[in-house]
Every structure is written in C-alpha cells, then in structure tokens.
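Input: a single structure, listed below in structure tokens.
The values are calculated or read from the model by the stated rules, or taken from the named source; none is laboratory data. On a predicted model such as this, the values are computed, not experimentally measured, just so you know. Here the Cβ is made from the backbone with ideal geometry for all residues, glycine too, and neighbour counts use every protein chain on show. Ligands, DNA and RNA are stripped out before the accessible areas are found, and what is left, the full protein with its side chains, is counted by its heavy atoms. Shrake-Rupley method; radii C 1.70, N 1.55, O 1.52, S 1.80 Å.
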Amino acid sequence: MRRSHFSRRDFVKAAGALAGGPLLYPAVGCQRPSMSPPGEAAPQAEGPADYTLTIAVTPLELAKDHIVSTTTYNGQFPGPLLRLQEGKPVTIDIHNQTDTPEQLHWHGQFLPTDVDGAAEEGTPFIPPHGSRRITFVPKPSGHRFYHTHVRAGADLNAGLYAGLAGPVYIEPRNNPGNYDREVFLTLKEFEPTYSRGGDMAMDFLLPAAAVKELKDTGESSMNASLAKGMPHGFEVGYGSFTINGRMLGSGEPVRVKPGERVLFHVLNASATEIRSLALPGHAFTVVAMDGNSIPKPVTVPGLWLGTAERLSAIVEMNHPGIWIMGDTANDDRRHGMGIVVEYAGQKGKPRWIAPPPFHWNYAQFGNPGAVVAQPDRVFEMTFAKQNAAAEGFNRWTINGVAFAEDRMQPMFQVNHGKRYRLRMRNASDDIHPIHLHRHNFELTRVAGQPASGVIKDVVMLGGYQEAEIDFVADNPGLTLFHCHQQLHMDFGFMALFEYV
Ligand SMILES: [Cu+2]
C-alpha cells in the first residue's frame, strides 16, 4: 500500500501496531535550542527491533510504465514513516544489501555521535552486505527524517541522488493542534543527469539585499576562472519529479471534504534542489519549521523549501474542486512535481492556476522585536566557490578550507553549555541550505535584518548574503556542519565542531 496520506485513526492504528502500544495523537513539536538535553546513549536492546530498515537496489514505479531502479529503504519511496515517541528508547535494525558502506543519518535529532549517522563524527558504517543495530532516545518532538549520509561525488546513483530518505514523526509528550487530519508529503526528484547550469529559482528570498563586497569577491573569482577558459562547474538536473514517490496524477489523490483543516508535513528530500509548493485557491498556515513550532501561526500563499527543510502547514479546505498542488516551476510540475487534491463529490480534470509570485522571509515566522540572547562567542564563516576546480566540479570552501578526507580536523572549538553565533557570509551566487547536526539553532539575523524565535536545523542562505544563527553547545561530541546540497557537501562544504 502506498501511504500517500492517512487519517488520524490510521496513524494510531499503524503506529500502535508497529510500536506495540498506544500512542498520543500527533502534534507539532516545540523545542528551544537551549532546552535540548544531551543525546542519551540507550542500552542495547535484546530481541526483535522496533523497526527494520533494509537498504537495497529495488525497482520503483514512479508512474504507470515508468519504473526506475534505485537504492531504497524497504523497497519503497519514501522510506516508511517512523512514528517515534519523544524520550522512549527505540531499537532499529539496519540491513545493508548493497556493495557499498552506508550511513543512516537521523536528521534533526539530538543524538550521540555513534548513532547520528555521519562518518565524519565517528559513526560506524553499516558494512556492505552487513547489518547494524542501533538504539537511541528520540528527541526533540516534531517532523524529522532519516536519509543516507555518504559522499556521492561523481556517482549519481549514490547519496541522496538515490531513493534513500524517509519521514520521522516524533510524538510529543503533551499535545495537539487544531486540525482534522495529517498528510505527509515528501518531495523528490529521480533520474539525475549532469548539466552545466540550472534554472533554479534564485530571487524568492527576502530581504533581497546582497552584500557588495561578497558579490565583488564572488564575481571576480568566477570571471577569472571563465577567462582561463574553464566551463561552469557541473550541476545536476533530473528527468522525473515526484511527491511521495509518484509523479503528478499517478498516485492516490489527497481526498478532502469542504471545511476540513488538513495539516501537511512537507519534506524536501531532494539531493540538490529548492522546491516551492502551492495549491490554487488555498493558503497555507505555517505552524512549524523543521518540526519546531513557530511563535505564532503565519498564513502564506505558498511554501519554499531548501534541500532537507521541512514545513508543517494547515490548509483549510474551503475552495471545492479538483486541484493540482504542485511546484510553481512549470517544467518541474509538468514532469511530475505535484499531487492531486480532490474534494469529495467533485469531478473533472485536476486544475492548476499559477499563483502570483510569492517571496520567503524567514523572519516573518519569528517574534518581531524580541531580544535575542547574547552569544558567548561569535564564529565568522565565509563560504566561497572555486569554479570547476575539482575535476570539473565546483570546489567549496569555508574560510578558505575545503573539507576532504585528508583535511577532516575540526575547524571550530566549543565549550559545553555556551551559546555560539555563526556569522555566515556567502561569497557565491548559489543559495545554500546550511545544516547543523545533533543540535538546532535560532535564526538571529537574515540579510541584515534581525530575527528571533525561529528554531531550525537547516536554513537557506541567499546568494551574496549574510545570516546569523545561534546554537547552544549542549550535546557533546563531534558535530558536523555542512551545506545540504549534495554537490556542495561532497566537494568541500563541510566543517566539524569539537567540544573541548
Ligand atoms: Cu551549498
């Protein structure tokens, strides 16, 4: 069965059966960065695991007569939705039936380094044709996910180019939101190919202020490279686009009734792309970002998500019809990036009406005017691109250093309990979805404007822009910081924090 959507009752049944006990009703998570206790090691469990994830190359039917072969969890995309309970230890058996070592990363959770799923932090690999059992204490509550965390490099069958991602929902200890039903949507492209440039949206982030000094630096570096006869570095494009592993029109529609309030948990599981999502005639009331509640709900005409970002938004179903909920990029939507929303009793072909262009300003989801805690220390970070410098791929640096297997020493030192501010400066024209492992962070400045109250684990940093994020060093152990764009993280855009 393809689980494109569930009723609440289905969720409780399915999750209860798997976890062997009753569960609380789902709600949106709520965590401040200063409230996260350290990752707790849990004793290794005996007997059967709570969940089993099997990594193998399997066929995947994206649409009728459109089958691809890719690596998946349990033969499906997305991987099974795991509903975990905050604070209740869970044991998971991971089997790797491929010929290459694997890492399974628990994105957005506060875990110890031996289970977080990043070799750079010291997590053991799941060996080829081998297995690993892990036990951990899930936290914090909210919409998280799991995905592979291996370097793909030039191999477009590896890393997040494959079908290795699945949603996690961690039930909070206390509860609920005002909605009738929950629907998980995982956005993902397949059939990757190399290209020399993309048509990715670049102008949707607000404020739009570019920093002249960063622009001058980035442009002169690019112009020097092109003047030497270098082509633009490789990018990646895709042949097919899916929501919940099905191309538009191929999967089950989201079936709704007038007046229903549907809570969508949207995950961008792309290896490289930014996605938008709109539903003609409807608005989205965002209640959580990356699984963390925002100070108050904010209603927007559509959503923007960088790679690995999640948004939880309630849509009031007040515009009966048969609609296409899809990406605003026409080409990507026509190649599958959409899902049909069908009101009960309505007939006809699904319709798409392009919304007026909408922008995305993270600060609007926070507390305007609230005073942010002062950091104990500020780390300056400048991100730069060396065009086509790594065998045709762009090489990426943080403060002049490209992370690589022989350059893995930690770049930043932190003390337990202290608050740190990362002052990030982007000297490239690309948008970077910046991710911190094992912690979350508060957005404190976006493109020159103050922000507060938005707690995330991925944030898009605009081309030639600056942003500041604060985190509390409260989960000891090596901590990976990287751009989540697969081409960027694989070619240098990573750094480690160490606790000293
Ligand atoms: Cu990047």
Order by protection proxy (mean Cβ within 10 Å, highest first), peptides 62-74, 296-308: 296-308, 62-74
For VAL414, distant residues with modelled amide H under 5 Å away: GLU498, TYR499, VAL500
Estimated inter-spin distance, ARG334 and LYS212, nm [label 7 Å along Cα→Cβ]: 4.2
Per-residue HN-Hα couplings for the range 74-90 [Karplus 6.51, -1.76, 1.60; θ = phi - 60°; Hz; x = Gly/Pro]: 6, x, 9, 9, x, x, x, 5, 9, 9, 10, 10, 4, x, 9, x, 10
TYR420 accessible area, 1.4 Å probe, all protein chains in place, Å² to nearest 10: 10
Spatial separation of Cα centroids for the range 338-412 and the range 133-179, in angstrom: 17
Gyration tensor verdict on the range 147-292 (Cα atoms; rounded if a/c is under 1.5, prolate if a/b is larger than b/c, oblate otherwise): prolate
Förster radius 41 Å - calculated FRET efficiency between THR52 and ASN178 (Cβ-Cβ, nearest 0.05): 0.70
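Roughly speaking, to the nearest percent, how much of the chain's 1.4 Å accessible area is carbon and sulfur? Numbers along the way, then the final one.
Values: 9930 of 19130 Å².
About 52 percent, which is the carbon plus sulfur part of the accessible surface.
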FRET efficiency for ASP114 and ALA344, using Cβ-Cβ distance with R0 set to 60 Å, rounded to 0.05: 0.75
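Using a 1.4 angstrom probe with every protein chain in place, what is the largest-first accessible-area order of ASP50, ASP332?
The ranking, largest first, comes out as ASP50, ASP332.
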Under 5 Å, built H, 5+ apart or other chain: amide partners of LEU84: TYR169, ILE170, GLU171
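Using 0.36 nm per residue of separation minus the Cα-Cα distance, give me the extension gain between GLU260 and ASN367 in nm, one decimal.
The GLU260-ASN367 span can extend by a further 35.7 nm.
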In Å², nearest 10: area of THR217 left accessible to a 1.4 Å probe: 70
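Please give the contour-minus-distance gain from THR193 to GLU391: 0.36 nm per residue of separation, less the Cα-Cα distance, rounded to one decimal in nm. Don't jump to the answer; show the numbers that get you there.
Numbers: separation 198, 0.36 × 198 = 71.28 nm, distance 1.66 nm.
Extending this stretch completely gives an extra 69.6 nm.
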Among LEU277, ALA209, TYR146 the positive-end extreme of the charge dipole of the chain (Cβ point charges): LEU277
Gained length - ALA224 relative to ASP99, 0.36 nm times residue gap less alpha-carbon distance: 40.9 nm
J(HN,Hα) series, the range 254-259, from Karplus relation 6.51 cos²θ - 1.76 cosθ + 1.60, nearest Hz, glycine and proline x: 7, 8, 10, 10, x, x
Debye log10 I(q)/I(0) for the range 163-248, one point scatterer per Cα, at q = 0.14, 0.20, 0.21, 0.22 Å⁻¹: -0.87, -1.10, -1.13, -1.16
Nearest-10 value in Å² for the accessible area of GLU61, using the 1.4 Å probe: 80
Two-site label geometry, ASP155 and MET200: point separation in nm, points 7 Å out along Cα→Cβ: 2.3
Between the range 64-93 and the range 253-307, the alpha-carbon center distance in angstrom: 21
Mean separation of Cα contacts under 8 Å (6+ apart) over length of the range 222-306, as relative contact order %: 23
Estimated translational D of the chain in µm²/s (Stokes, Kirkwood radius over Cα pairs; 25 °C; 0.890 mPa s): 107
Amide hydrogen neighbours beyond the local backbone of ASP474, cut-off 5 Å, H modeled: GLY417
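Show MET424, MET247, MET411 ordered by accessible area, largest first, where the area counts protein heavy atoms only and the probe is 1.4 Å.
Largest to smallest exposure gives the sequence MET411, MET247, MET424.
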From phi via Karplus (6.51, -1.76, 1.60), per-residue ³J(HN,Hα) for the range 101-111 in Hz, x at Gly/Pro: x, 10, 10, 10, 9, 9, 5, x, 9, 9, 10
Cα-centre dipole for the range 237-277 with unit charges at Cβ (Lys and Arg positive, Asp and Glu negative), debye to 20: 140
